[in-house]
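Q: Input: one structure, supplied below.
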């Protein structure tokens, strides 16, 4: 059996796992990305975490890394949701500690590759993966091929501008999608709904920094007016955006993954309704909205590890 290391660099958490070629995560660890203010310290922490989960007598075929704003050249460039700015030579720095082959790609591209190998896209040639985490990522597969672009920055749909007004994304795109549809975006929407409506809500006593996505889901399940309105608003915007994305690649399915998807019906129902209402007539009823087919907590790790099997 062959093994790979899968690494998912998220804006909040970095996850590292030892993955078998058949898609089993047999050992894993994680740490908070935001706790490392210096990129050099982060690389050291990453190397130590890889050592921590590696097992004796197991050969590692390679390391796959999914990260926001990742290029084909082994760099992360001006990431919106990470502490470090500029051009970060991640692969070069990590190779100072590690001899194994290292492959880097956009985190949503990794999710798309993972879905093709292990998840709900095994039988699909045309699909889009949308990751709804700290930000919004996207990976597009057309005719069975990952759409990467000239140097790996294709499909940055999180910064697709809905309108030239409203909220700014982390890259200062006004009206950018991830400013509304992401774990961070829905927190901002809660604050907006609190100012718009006077209804009682648990969130009137919770500060922005103490607000977490699972709190919003729990509140919606208790019929909290503000929480329900926030999900309806978020789903409406997501559905409209997804209907626009259909027009440029006509996918068979759009697969949603990431923390915001864990809210289940609260985000899925308004999204599907808005999606169908906004599709062009000849697309209606032809494009499915699915959730990830990968094991929930390990999906990002499996997707990153799949980069290794794709490239060796």
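All of the numbers you see were taken from the coordinates with simple rules; none came from a lab. These numbers were taken from a predicted model, which means no experiment stands behind them. Note that each Cβ is placed from the backbone with ideal geometry, even for glycine, and that neighbours are counted across all protein chains shown.
Q: On full extension of the chain, what length is gained from residue 280 through residue 153, given 0.36 nm per residue of separation minus the C-alpha to C-alpha distance?
A: The span from residue 280 to residue 153 would gain 43.0 nm if fully extended.
Q: Right, another one. Report the gain in length on full extension from residue 85 to residue 1: 0.36 nm times residue separation, minus Cα-Cα distance, nm rounded to one decimal.
A: My answer for the length gained is 26.4 nm.
Q: Another question, then. Taking the simple approach of a point 7 Å from Cα along Cα-to-Cβ for both residue 311 and residue 55, what is their distance in nm?
A: Placing both labels 7 Å beyond Cα along the Cβ direction yields 2.4 nm.
Q: Now a separate question. What share of the DSSP beta bridges in segment 123-292 is antiparallel, in percent to the nearest 5?
A: Antiparallel bridges make up about 55 percent of those DSSP assigns within segment 123-292.
Q: List the pair-distance distribution P(r) of segment 159-312, using every Cα-Cα distance, as the percent of pairs falling in each 10 Å bin from 0 up to the bin containing the longest distance, rounded to whole percents.
A: 10, 34, 36, 17, 3, 0
Q: Right, here's the next one. With no solvent and one point per C-alpha, what does the Debye sum give as log10 I(q)/I(0) for the chain at q = 0.09 Å⁻¹?
A: -0.44
Q: Also: Averaged over all directions, how much area does the convex hull of the C-alpha atoms of segment 95-250 cover when projected, in nm²?
A: 12.3 nm²
Q: Can I ask one more? Please give the peptides 239-248, 225-234 ranked by average Cβ packing (other Cβ atoms within 10 Å per residue), highest first, as a rough proxy for protection.
A: Packing order, densest peptide first, comes out as 225-234, 239-248.
Q: Along its three principal axes, how long is segment 1-158 when you only count alpha carbons? Whole Å, largest extent first please.
A: For segment 1-158, the Cα extents along the three principal axes come out at 39, 38, 24 Å.
Q: Just subtract the alpha-carbon distance of residue 45 and residue 192 from 0.36 nm times their residue separation and send over the number in nm, one decimal.
A: 49.2 nm
Q: If you project the alpha carbons of segment 120-202 onto their three principal axes, what span does each projection cover, largest first, in Å?
A: 50, 28, 18
Q: Next up: Relative to the longest principal Cα axis of the chain, at what angle does helix 265-278 sit, 0 to 90 degrees, rounded to 10?
A: 70 degrees
Q: Would you work out if segment 1-63 is rounded, prolate or oblate? Take a ≥ b ≥ c from the square roots of the eigenvalues of the alpha-carbon gyration tensor; rounded if a/c is under 1.5, else prolate when a/b is larger than b/c, oblate otherwise.
A: prolate
Q: Just to be sure I understand: of the beta bridges DSSP finds with both ends in the chain, what percent are antiparallel, rounded to 5?
A: So the antiparallel bridges in the chain amount to around 60 percent.
Q: Given R₀ = 30 Å, FRET efficiency for residue 97-residue 207 by Cβ-Cβ distance, to 0.05?
A: 0.15
Q: Rounded to the nearest 5, what % of the DSSP beta bridges within segment 1-149 are antiparallel ones?
A: Of those bridges, close to 70 percent are antiparallel.
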